[in-house]
Number of protein chains: 2
Amino acid sequence: MQRILCLIFALIASTAVLGDPLPSWRDTENRKVIMDFVQRVTDPEHEDFVKASERIAVFDNDGTLWAEQPFYFQGLFAFDRIREMAPDHPDWAEQTSFKAVIEHDIPSIKAMKKETLLDLALTAHGDLNTDQFSEVVTHWLAVARHPTTGRAYTDMVYQPMLELLEYLRSQGFKTFIVSGGGTGFIRTFSEPVYGIPPEQVVGSSVQAKYRSNNGQPFLEKVPQLWFINDGPGKPVGIHQHIGRRPLLAVGNSDGDFEMLEWTSARQGPSLSILIHHDDDQREWAYDKNSGVGRLNRGLGEAADRGWLLVSMKQDWNRIFPQR
Amino acid sequence: MQRILCLIFALIASTAVLGDPLPSWRDTENRKVIMDFVQRVTDPEHEDFVKASERIAVFDNDGTLWAEQPFYFQGLFAFDRIREMAPDHPDWAEQTSFKAVIEHDIPSIKAMKKETLLDLALTAHGDLNTDQFSEVVTHWLAVARHPTTGRAYTDMVYQPMLELLEYLRSQGFKTFIVSGGGTGFIRTFSEPVYGIPPEQVVGSSVQAKYRSNNGQPFLEKVPQLWFINDGPGKPVGIHQHIGRRPLLAVGNSDGDFEMLEWTSARQGPSLSILIHHDDDQREWAYDKNSGVGRLNRGLGEAADRGWLLVSMKQDWNRIFPQR
Ligand SMILES: [Ca+2]
Ligand SMILES: [Ca+2]
C-alpha cells in the first residue's frame, strides 16, 4: 500500500514539473509575467515569497471566465425564464420591459436602464426556494444553447483561463469567483466547470428567508436585493466573504476596477490582470463603447498602474475548449 | 528527495491511524456516536458515504468553541474599547448605557435590551477602517485577561473541540465557524487558534464602504448593521456564504436551533450536536434561564430530534488546553 502511495506521489510530482501548465497561452511577454509572478511568490527562497494561506486569487466571471455576448448569460437565462413564466402573467404583455423580453427584442433590452433590468432579473429569480432555483438553472444550462455558436453556455468558458485556474491551484493558490452575477446562479456550475466550490463564489444576491412547510425547513428567495457585488462593491464583497486581500485578481471591465485597485494596493507583491476582448474572429471585439463588459477607465490606466492587459488575440492560441 | 517525501507520507499515514484523535473526550456513548458517524460518512463502502466536497462542518463560536461567561467575550472587548474611547466623549457620562459600561456595572449591562447592547457594540466597532479594527482586536486579545480565570481569552477555548475540529479536517471535512459574533472580530484569531481560515468564518457584520485617501484605498467600517447571523439568520448566513447544507453542526444555545434543524433536514446522513454547559466546577453551569447562551427549546427537543446533547461534565475529561 505504502509503495503504491509513493508511486502515485512520484507520478504527480513529475507531471507537475514536466507538463506545460498553460498550453493555450502563446509564448508571449504576458505569459512570462504571469509565470514569473507565480514562481516568485511560491519560492521560499525569494523575497516575494507569500505563504500558501495568503495566496488568494480572485476572478471575475462574465467576460473573464466565460463569454458575455450578445448579453450576460445570466440575463439570457432570466429572459428565458420570464418567457416561461409569461403565460401565468397575462398583464406582462402590456408592460414595455416584459414585452421586449417576450418578443426577443435584444436592442430594446440593451437600451434598458439598469433599474429596469434589475427588476426583470428579480422577477425571474424570485418566487422559488433556493433548492428549486438551483434545479431551474441546472436544467437551463443543460438544454439552452448560445444563439450564434450553438454551444452550451458552459462550453463557452475560456480554455486559457481554465488552465490558469488549475495552474494557480497546483501552486497552492485558493481560487475564488468574485462576480457581479448572482452567487446562486454561478454556484450551480462553478465546481464541475471551473473547479471552484460553491463556498468560493462571491457574487450579487437577493435576500433569503428561513421558512418552514409542515416541519420541512426551506430558504425562500426574497425578490429584494441583498448585495450588489460590482465596482466598489467588489472589495467589500471580498472583505465580507474572504476577509483577506487578494494576491492576484483578474477581470475584464470597469466593474473590476476597484477589485484590481484593491489588489494592487496590497502590501508586498500582487498581480492585477485585465482580459481585453480584441478578437472578433474567434470571439468578440469590444471595450470602451460596449453596453456589455465596458472597459474604458481600466484600458486607459492599466499601463500606469502596472496592470497586465491580456490580449485574447495575441496571448491565447485557443479561446474555447475543444468539444 | 522522493525518498524523503515517501518517508514523510508514511509517517503521516501511520500517525493518523494509530493516534487517538479525541484524547480529551471520555469513552462515552456520545464520543462513540460522533466517531461512528465520521467513519460511516467517510467509508466509500458504506451506504452513508458522503464525498469529501460535501463534508461541511459548521461550529458556533461563543459557548461552543470558547467560553462566554460572565459575558460574551466580544462584548467584553466592546466595553473595554468604550472605556478607552470615553475620554474623547465626555457626553457619554450622562447616558445610562455608556455610564454602566464605564463603571463596570455588569448587572446593569446584563439587564440591557438587545437594541441598547447593539448600539454600544456598533459604537465600539465603528469609526475605524477594517485593517485598524483587526489591529485593535489583535492587541486586545494579546493583553486582556479573563476576570475570573486570569487566562488570555484565546486560552479559554475548549480542548475537546480543538480535537474535534482537527479530527474532522483529517477526515476530509471543511470546518466553518457560523457565529452570531462579528466576522471581523473572530477572523483575527480563528486561523492560529482553531485552524479555521478567515474565509471560513461566517458571522454578523456591519456594512463596509470602499474609500480612498490620497490614492490609498481602504474599507471603512460603517456603524450600521449588514447582517445578524443568529437564530433563523444562521441557515441564511450558511446559504449566502457556503452555499451547501452542512453535514455536521455544533452549537450550544437556542441561537443555534435553526442551524441544527437545517442540518438535520439534509437529505442523507447528518449529525447535530448541542454542547451543554453543566460543569460548574471546571467551567460554568447554565441553560434555560441564562441571559448568556440560553438553551431552552434545544434542551427540550434535542432527544426527539435525534440531536446529540454533549455534557461537558460527563463527556470531557479536560475543558481548557494546558498552558
Ligand atoms: Ca466581467
Ligand atoms: Ca453560542
For chain A: rounded, prolate or oblate by the Cα gyration tensor [a/c cutoff 1.5]: prolate
Taking θ = phi - 60°, what integer Hz values does the Karplus form 6.51 cos²θ - 1.76 cosθ + 1.60 yield along region B:174-191, in sequence order, with x for Gly and Pro? 9, 9, 10, 9, 10, 10, x, x, x, 4, x, 5, 5, 4, 5, 10, 5, 6
Distance from region A:51-79 to region B:199-228 (C-alpha centre basis), Å: 23
Sorted list, accessible surface of protein heavy atoms, 1.4 Å probe, largest first, for A:GLU135, A:GLU191 is A:GLU135, A:GLU191
Can you find, among A:PHE49, A:HIS277, B:HIS104, the residue sitting farthest towards the positive end of the charge dipole of the protein assembly as shown, where Lys and Arg contribute +1 and Asp and Glu -1 at Cβ? A:PHE49
At a probe radius of 1.4 Å, what is the per-residue accessible area of B:SER134, in Å² to the nearest 10? 50
Scoring only Lys, Arg, Asp and Glu (+1, +1, -1, -1) among other residues with Cβ under 15 Å from the Cβ of B:LEU128 yields -2
Rounded to the nearest 500, what is chain A's calculated 222 nm mean residue ellipticity when only DSSP H runs of at least 4 contribute -39500 (n - 2.57) each, over all residues? -12000 deg cm²/dmol
Would you list A:MET35, A:MET156 from the most to the least accessible area, probe 1.4 Å? A:MET35, A:MET156
Excluding residues on the same chain fewer than 8 positions from A:LYS110, give the lysines whose Cα lies under 22 Å from its Cα. A:LYS99, A:LYS288
Amide H neighbours of A:ILE196 under 5 Å, at least 5 residues apart or on other chains, H built in the peptide plane: list them. A:GLU191
Report the gain in length on full extension from A:ARG305 to A:HIS89: 0.36 nm times residue separation, minus Cα-Cα distance, nm rounded to one decimal. 72.7 nm
So what is the relative contact order of chain B, in percent, for Cα pairs below 8 Å that sit 6 or more residues apart? 22
Enumerate the amide H contacts of A:ALA208 below 5 Å, restricted to partners 5 or more residues apart or on another chain; note that Pro and chain-start residues carry no placed amide H. A:VAL222
For B:LEU141, the accessible surface traced by a 1.4 Å probe with all protein chains present amounts, in square angstrom to the nearest 10, to 20
Add +1 for every Lys or Arg and -1 for every Asp or Glu among the other residues with Cβ under 10 Å from the Cβ of A:GLY255, and state the total. -4
Using a 7 Å Cα-to-Cβ projection, A:ASP36 label spacings across copies, nm, ascending: 6.1
Under unit Cβ charges (Lys, Arg +1; Asp, Glu -1), what dipole magnitude, rounded to 20 debye, does the protein assembly as shown have relative to its Cα centre? 720
Using alpha carbons only, how many angstrom separate the centre of region A:96-168 from the centre of region B:244-279? 35
Here the percent of antiparallel bridges among DSSP beta bridges lying wholly in the protein assembly as shown, to the nearest 5, is 40
Checked against the positive end of the charge dipole of the protein assembly as shown (+1 on Cβ of Lys and Arg, -1 on Cβ of Asp and Glu, about the Cα centre), the farthest of A:MET35, A:GLY298, A:GLY231 is A:MET35
On the full set of protein chains, 1.4 Å probe, figure out the accessible area of B:ARG294 and give it in Å² to the nearest 10. 120
Using the Karplus curve 6.51 cos²θ - 1.76 cosθ + 1.60 with θ = phi - 60°, what ³J(HN,Hα) values do you get for each residue of region A:275-291, in whole Hz, with x for Gly and Pro? 8, 9, 7, 10, 10, 7, 7, 9, 9, 9, 10, 6, 7, 3, 10, 7, x
Using θ = phi - 60° and the Karplus relation 6.51 cos²θ - 1.76 cosθ + 1.60, list the HN-Hα couplings for region A:263-268 in order, rounded to whole Hz, with x at every Gly or Pro. 5, 5, 7, 4, 6, x
Residues whose placed amide H lies under 5 Å from that of B:PHE218, excluding near-sequence neighbours: B:ARG211, B:SER212, B:ASN213
What percent antiparallel are the DSSP beta bridges of chain B, to the nearest 5? 40
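The values are calculated or read from the model by the stated rules, or taken from the named source; none is laboratory data. These numbers come from a predicted model, not from an experiment. Cβ: placed from backbone, ideal geometry, glycine included. Neighbour counts: every protein chain shown. These accessible areas exclude ligands, DNA and RNA; they are computed on the full protein's heavy atoms, side chains included. Shrake-Rupley method; radii C 1.70, N 1.55, O 1.52, S 1.80 Å.
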